[in-house]
Every structure is written in structure tokens, then in C-alpha cells.
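Have a look at the structure below, then the notes.
Values in this text are rule-based calculations from the coordinates and carry no lab data. The shown structure was predicted, so the numbers you read here are calculated from the model rather than taken from an experiment. Every residue, glycine among them, receives a Cβ derived from its backbone with ideal geometry; neighbour counts consider all protein chains shown.
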Amino acid sequence: MKKICLLTILAIALPALAAAQDWSNVSMVDTQCSTKAKADPDSHTRDCALTCAKSGFGILDKDGNYLKFDDKGNQEALKILQNTSKKDHLRVNVTGSKEGGVIHVESVKMS
């Protein structure tokens, strides 16, 4: 009986844990500069992010934690940076699910 109850609870809880989350108006930075940019993420430039693009991208959340994008998120971030005229203040809205320190990105859009 205990096993059935536990399995039922897990079946209900797991989809909720995997549900999409939103990060709104957060700074997008490249992985290589994430530690340096933490002090003032809005001063991190588009040119620097493109130069360091091979390291991948992510966001600094509102608590200052760096959350790395998965491959899909890296591809979307690169397209955004290549197509924006913004020089800094690279703020984005991200939807996805977080697993450890990685966001499995559903969408990334400039704020």
C-alpha cells in the first residue's frame, strides 16, 4: 500500500516539477564572462558576448546566479545577438525548465 501511495504521489508531482518556468527581464551573458559580468551585467556588451559565443550563453537570474542554456538556448541566443542593434543591457525573457544549473530552453526573446 505504501508503494502505491508513493508512486501515486510521484506521478502527480513529477510533471509539476518539470513544468516550464519563466525568467523575465534578466541579463543574458556568455559563459566565459559570467563571473566577471555578475558585478554589473548591464555593462556586458553584445560584441563581447559574440566574441565569447563558443563558451555558450545563459542568464544571471535576479539572485545573481548564472544559469547556463542548453544547446537550443545557445542557438537562439546567438541569433538574437546577431540580429539586435543593442550594444549592452542585453535583457531577455526566457521560458524553459531548469535542471541543476542548466535551463532547457523553450524560448528566449529580448525584453
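Let a ≥ b ≥ c be the square roots of the eigenvalues of the Cα gyration tensor of region 17-111; is it rounded (a/c under 1.5), or, if not, prolate (a/b larger than b/c) or oblate?
prolate
Taking the Cα of Lys109, stepping 7 Å toward and past its beta carbon, and measuring to each backbone N in region 77-100: which are under 19 Å?
From region 77-100, the list is 77-86, 90-97.
Please arrange Ile80, Ile59, Ile103 by counting, for each residue, the other beta carbons lying within 10 Å of its beta carbon, fewest first.
Result, fewest neighbours first: Ile80, Ile103, Ile59.
Once phi is turned into ³J(HN,Hα) by the Karplus curve 6.51 cos²θ - 1.76 cosθ + 1.60 with θ = phi - 60°, what whole-Hz value does each residue of region 55-70 show in order, with x for glycine and proline?
7, x, 10, x, 10, 9, 6, 4, 8, x, 7, 8, 10, 7, 7, 6
Can you give me the relative contact order of region 70-111 as a percent, contacts being Cα pairs under 8 Å and 6 or more apart? Write out the running numbers ahead of the final one.
Numbers: 47 pairs, mean separation 19.9, N = 42.
In percent, rounded to a whole number, it is 47.
Starting from the Cα of Thr84, move 7 Å in the Cα-to-Cβ direction to define the label point; list residues of region 90-111 whose amide nitrogen is under 12 Å from there.
90-94, 108-111
In terms of Cα to Cα distance under 26 Å, which lysines are near enough to Lys98, apart from those fewer than 8 places away along the same chain?
Within the straight-line cut-off, Lys98 pairs with Lys36, Lys38, Lys54, Lys62, Lys68, Lys72, Lys79, Lys109.
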